[in-house]
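The values are calculated or read from the model by the stated rules, or taken from the named source; none is laboratory data. What you are looking at is a predicted structure, and each value in this text was computed from that prediction instead of being measured. Positions of Cβ are backbone-derived with ideal geometry, glycine not excepted, and every protein chain shown enters the neighbour counts. Please note that ligands, DNA and RNA were not included when accessible areas were found on the heavy atoms of the full protein model with its side chains. Shrake-Rupley method; radii C 1.70, N 1.55, O 1.52, S 1.80 Å.
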Amino acid sequence: MSAEFIACLTTLLVLAAIGAPIAYAILIGSFVYLAVGGQGIGIAGKILMDGMYNSFILLAVPLFIVAANIMNAGTISDRLLGFCVALVGRFRGGLGHVNIVASLIFSGMSGSAVADAAGIGKIIIGMMTKGGQYPRGYAAAITAASATIGPIIPPSIPMVLYALVSNTSIGYLFLGGIVPGLLMGAVLMAMNSWLAHRRGFALETPVPFSELPARTVNAFPALLMPAILLYGIYGGVTTPTEAAAVAAFYALLLSALFYRALSPVALFHILVESARSSAAVGLVIGGALILNYVVASENIPALVAQSLVGLDVTPTMFLLGVMVLLLLLGCVLDATTIILVIIPLFLPACRELGIDLVHFGVVAVVNCMIGLITPPYGILLFVINAVTRIPLSEMIREIWPFLGVLVAALLLLVLVPGIVLWLPRLFGYAG
């Protein structure tokens with residue numbers, strides 16, 4: 001490594017260790033590299049502007065954030081929960097199943113795990129803990145675990161970011177996430193059912209089947225959103241970025257006009273909060289673009305690829321090794337940083353080893369989502385703690401069974417690529 005790259009890494013790690021926001025640590029570390037190497041600071045500006053203006057796809061990120069925030073503020077979440085309670089609430093551990101099914105549905109609208117946990121998750125935790133039906137830690141843990149499905153089933157903000165760094169088709173990435181997302185929901189429901197029987201959780205009062213049609217009609221406009229998005233993208237009607245705009249506009253129509261649950265003042269606050277969230281993501285993206293220039297200047301991706309090929313590593317062993325590394329990094333880094341800074345290092349090696357980039361992208365995003373609930377730095381655990389005041393210690397005690405089944409599902413996705421690639425190939429993907 002060159003002296004300037006050592007200075008960059010040292011600065012980045014020191015700033016991160018003392019608690020500086022990771023975006024600032026990346027930016028300052030990159031500036032140190034340019035300064036030590038005698039390069040003008042204007043290079044960083046050019047890289048940043050070129051990266052932002054040449055990436056039309058990045059517009060999808062704030063649009064999906066707006067869509068998720070509008071749905072949380074309106075009554076859409078409540079109507080979806082009412083439908084889920086009528087559908088699966090009658091089984092033992094019913095509200096746990098409701099939690100998971102609601103996340104599966106909501107994931108087709110928001111594309112954000114944090115939006116899922118902070119919005120619909122807060123409501124369902126209140127339902128589960130009311131009257132002491134479920135322990136607080138259990139309700140929070142299953143909410144955090146089910147929220148990881150949000151960015152797997154399309155739309156998905158992390159997949160948009162992966163497409164940015166890998167130049168992979170967003171449409172095929174979205175398709176590749178559907179079956180893995182359903183698999184994650186299935187293993188979580190199986191674990192919830194087993195724990196509910198083992199711990200003797202009380203049965204809920206079942207909603208009469210006669211009420212199911214009315215609740216379905218009530219939630220139907222909201223349930224249409226995933227279908228509209230998928231048809232727009234895969235029917236050739238919209239690009240993924242345009243689909244994000246459609247999602248935001250449709251959410252606004254539902255909340256403000258159809259359900260009449262969104263005032264102009266509330267909309268203003270939603271737009272301000274969405275701008276703040278988008279700016280936070282934008283800082284990380286900007287820092288990552290400059291840092292990726294630094295990494296490319298040091299020729300690190302090519303060196304990684306050559307060393308792995310020289311070791312005669314099989315594609316499966318490489319994937320397993322990368323997944324273990326990402327799981328460990330997920331304990332201390334957020335998903336956005338991993339996708340934008342760490343994953344690009346492995347893309348040349350994937351190409352050298354013949355690993356499909358859609359398969360790699362989906363399993364990497366699943367891995368990053370599992371990192372969101374991995375102690376000690378599980379961001380979703382902190383989000384739920386902030387909105388419910390349930391102690392972290394109670395959540396961490398209950399999260400391990402759900403974390404275990406999600407890791408098992410991830411291992412299955414790595415070993416059986418067809419689970420990810422079946423739907424993309426059905427729609428013409430040649431990989």
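Quick one: length gained pulling Leu257 to Val237 fully straight, 0.36 nm per residue minus the C-alpha distance?
4.7 nm
Please give the per residue accessible area of the chain, computed with a probe of 1.4 Å over protein heavy atoms only, in Å².
Per residue, the chain has an accessible area of 41 Å².
Given a Förster radius of 30 Å and the C-beta distance between Gln133 and Leu328 as r, what FRET efficiency does 1/(1 + (r/R0)^6) yield to the nearest 0.05?
0.25
Find the Cα radius of gyration of the chain, compare it with 2.2 N^0.38 Å by division, and give the number to two decimals.
So the chain has a normalised radius of gyration of 0.98.
What shape does segment 232-377 have by the C-alpha gyration tensor, where a ≥ b ≥ c are the square roots of the eigenvalues, rounded means a/c under 1.5, and otherwise prolate means a/b greater than b/c and oblate the rest?
prolate
Arranged from highest to lowest average of other beta-carbon atoms within 10 Å per residue, in what order do the peptides 379-388, 358-367, 402-411, 231-240 appear?
Averaged packing, sorted descending, gives the order 358-367, 379-388, 402-411, 231-240.
Ignoring ligands, DNA and RNA, what percent of the 1.4 Å accessible area of the chain is carbon and sulfur?
70
So how tilted is helix 315-329 from the main axis of the chain? Cα-based, degrees 0 to 90, rounded to 10.
Taking the Cα atoms of the chain, the angle to 315-329 is about 80 degrees.
What base-10 log of the normalised intensity I(q)/I(0) is obtained for segment 325-400 from the Debye formula, alpha carbons as equal point scatterers, at q = 0.13, 0.24, 0.28 Å⁻¹?
-0.45, -1.03, -1.25
With unit charges on the beta carbons (Lys and Arg positive, Asp and Glu negative) and the dipole taken about the Cα centre of the chain, which residue among Ile285, Met191, Pro315 sits farthest to the positive side?
Most positive-ward Cα: Met191.
Return the Rg/Rh ratio of segment 215-306 with Cα-based radii and a Kirkwood Rh.
Checking Rg against Rh, the ratio lands at 1.19.
Taking only C-alpha pairs under 8 Å that are 6+ residues apart, what is the relative contact order of the chain in percent?
Across the chain, relative contact order equals 24 percent.
Compute the label zone of Leu303 within segment 1-45: residues whose backbone N is under 14 Å from the point 7 Å along Cα-to-Cβ.
1-10
For helix 3-17, what angle does its Cα long axis make with the longest principal axis of the chain, in degrees from 0 to 90 and rounded to 10?
30
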